[in-house]
1. Can you find a residue in the stretch 33-56 that is within 29 Å of MET118 (Cα to Cα) and at pLDDT below 70?
2. Is it true that some residue in the stretch 125-140 is among the hydrophobic types (A, V, I, L, M, F, W, C) and surrounded by 21 or more Cβ atoms within 10 Å (Cβ to Cβ)?
3. Here are some residues: ALA189, ALA195. Which one is within 30 Å of VAL46 (Cβ to Cβ) and free of Cβ contacts under 8 Å to residues at least 12 places away in the same chain?
4. Scanning for something within 12 Å of the chain's Cα centre (by Cα), under 17 Å from PHE98 (Cα atoms) and modelled with pLDDT of 95 or more, does the stretch 167-184 turn up at least one residue?
5. Identify the residue in the stretch 117-142 that is aromatic (Phe, Trp, Tyr) and touching a helix residue (DSSP H, G or I) at 6+ places or on another chain (Cβ under 8 Å) and, among all such residues, is modelled with the highest pLDDT.
6. Are there helices (runs of 4 or more DSSP H) fully within the stretch 117-213 with at least 3 residues that are closer than 29 Å to GLY17 by Cα and among the hydrophobic types (A, V, I, L, M, F, W, C)? List them.
7. Can you tell me how many residues in the stretch 60-71 are at pLDDT 95 or above and under 27 Å from ALA189 (Cα atoms)?
8. Quick one: would you say ARG177 is surrounded by fewer than 17 Cβ atoms within 10 Å (Cβ to Cβ) and over 26 Å from LEU27 (Cβ atoms)?
Amino acid sequence: MTATLVSSASREWVCAGTSAWGCPPALARVAARAGAWAHALSAERVLRERWIRYRIDLAAVPPAPEGVHLKPMTDHFIQCLRTHVDRDQNQLQSGLRFWEHGLRRAYMWCDESGPLCMQWLLTRPDNALLRTLPEWAGMYPPLQSGWGQVENLFAFSTARRKGVATQFEYALYHVARDLGLSGLITHIAERNEAARGWADRAGWQEYGVIVRYRVDLPVLRSFPLYLHRASDPI
């Protein structure tokens, strides 16, 4: 089972605009070298950003924490979030854009004081919608059978409990497993050391990188290139 899990999660992709192409590692290496060469030639014109790819095997996750009850996102929750004190936070805004785009599988954890934490869980039926995202479609190559992707984890500033993000994530692992998923993937900006440290503690494993190249020229600005690698490119 582990071999299958690793093979599916490690697939490499080249994405541009709303298109995604699975490619063999050799071709991915060529694309990575070309992107690195272009960036080295003109770092001001060819901008590069990097994220670390993570995965987790749901067969080996910790027990679900007691007292953590996740609820599916609803229109009522969404309307409440639009007036929440954290409404201008980037992760919350990004999640709201997912909802507006038609992506509906998200979960909330609330108690008597209000919302504590939330996150989107993308699954294979979401592939078509993800390909049509007006921005960032290239961050989401098609999900493979048995896999889900978590996005926009957000712990509310009004939460009074400690460790809400970790407790929420452990509970979400079990929600995903109940849906029949065998593994999850996610990505975190390479420079976000705090989030990467949290991911390590929450059981996530690094397995590659995403590199985004943007050419700062007319027309080309609208078509960034994304390389999803199962190893660290140049």
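1. So far as the stretch 33-56 goes, no, none of its residues is within 29 Å of MET118 (Cα to Cα) and at pLDDT below 70.
2. Checking the stretch 125-140: at least one residue is among the hydrophobic types (A, V, I, L, M, F, W, C) and surrounded by 21 or more Cβ atoms within 10 Å (Cβ to Cβ).
3. Going through ALA189, ALA195 in turn, just one is within 30 Å of VAL46 (Cβ to Cβ) and free of Cβ contacts under 8 Å to residues at least 12 places away in the same chain: ALA195.
4. Narrowing the stretch 167-184 to residues within 12 Å of the chain's Cα centre (by Cα): 184.
Pick out the ones that are also under 17 Å from PHE98 (Cα atoms) and you get none.
No, the stretch 167-184 contains no residue that is within 12 Å of the chain's Cα centre (by Cα), under 17 Å from PHE98 (Cα atoms) and modelled with pLDDT of 95 or more.
5. For the stretch 117-142, the residue satisfying everything is TRP120.
6. Numbers: elements: 127-131, 164-178, 193-201.
Fully inside the stretch 117-213 and qualifying: 127-131.
7. 1
8. The answer is no for ARG177.
The values are calculated or read from the model by the stated rules, or taken from the named source; none is laboratory data. On a predicted model such as this, the values are computed, not experimentally measured, just so you know. As a convention, Cβ positions derive from the backbone with ideal geometry for all residues, glycine included, and neighbour counts pool all protein chains shown.
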